[in-house]
């Protein structure tokens, strides 16, 4: 009896692996297509938003969108990073936007990390994705 149960589990496992192997490429292609379409929508939204606001408005909109995002933190961070960059490309400069923003460095210092963390806490936003949006602000202000 135990041999039959193990044989059944083995056969089900093999069938599941075979299905995953055959269906995997199609699933990945569909996921990539949907992800690209979503990213294009965030880019268009950012471009449109930027034409009617300034750098600070872009930044606040991206942080608010990130904070309200219901997807995974990774997806929220990527999409709102795209929105932010596109928005800044068409936005007006903001007076004092870069005041007290540390210079961008490839490897953030402990002071940079503290600034990112404190800035996110001051905005009332948790998550490492907020810190990555702060890094984008550093890059913009250092360029």
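Evaluated against (1) under 17 Å from residue 89 (Cβ atoms); (2) exposed (fewer than 13 other Cβ atoms within 10 Å of the Cβ), residue 46 falls short on exactly one condition, (2). Within the stretch 28-44, identify whether any single residue is out of contact with any strand residue (DSSP E or B) (no Cβ under 6 Å at 6 or more places or on another chain), closer than 23 Å to residue 126 by Cα and touching a residue at least 24 places away in the same chain (Cβ under 8 Å), and answer yes or no. Looking through the stretch 28-44, at least one residue is out of contact with any strand residue (DSSP E or B) (no Cβ under 6 Å at 6 or more places or on another chain), closer than 23 Å to residue 126 by Cα and touching a residue at least 24 places away in the same chain (Cβ under 8 Å). So, in the stretch 15-32, how many residues would count as being more than 20 Å from residue 81 (Cβ to Cβ) and either at pLDDT 80 or above or not in a helix (DSSP H, G or I) (or both)? Here the count works out to 2. Please indicate, with yes or no, whether at least one residue in the stretch 3-26 is without any contact (Cβ under 8 Å) to a residue 40 or more places away in the chain and under 22 Å from the mean Cα position of the chain (by Cα). No, that holds for no residue. Counting only helices (runs of 4 or more DSSP H) that sit completely within the stretch 46-143, those holding 2 or more residues that are under 24 Å from residue 36 (Cβ atoms) and modelled with pLDDT of 95 or more correspond to 55-68, 73-90, 128-142.
The values are calculated or read from the model by the stated rules, or taken from the named source; none is laboratory data. Fair warning: this is a prediction, and the values are worked out from it, not measured in the lab. Using ideal geometry, Cβ is built from the backbone for each residue, glycine included, and neighbour counts are taken over all protein chains shown.
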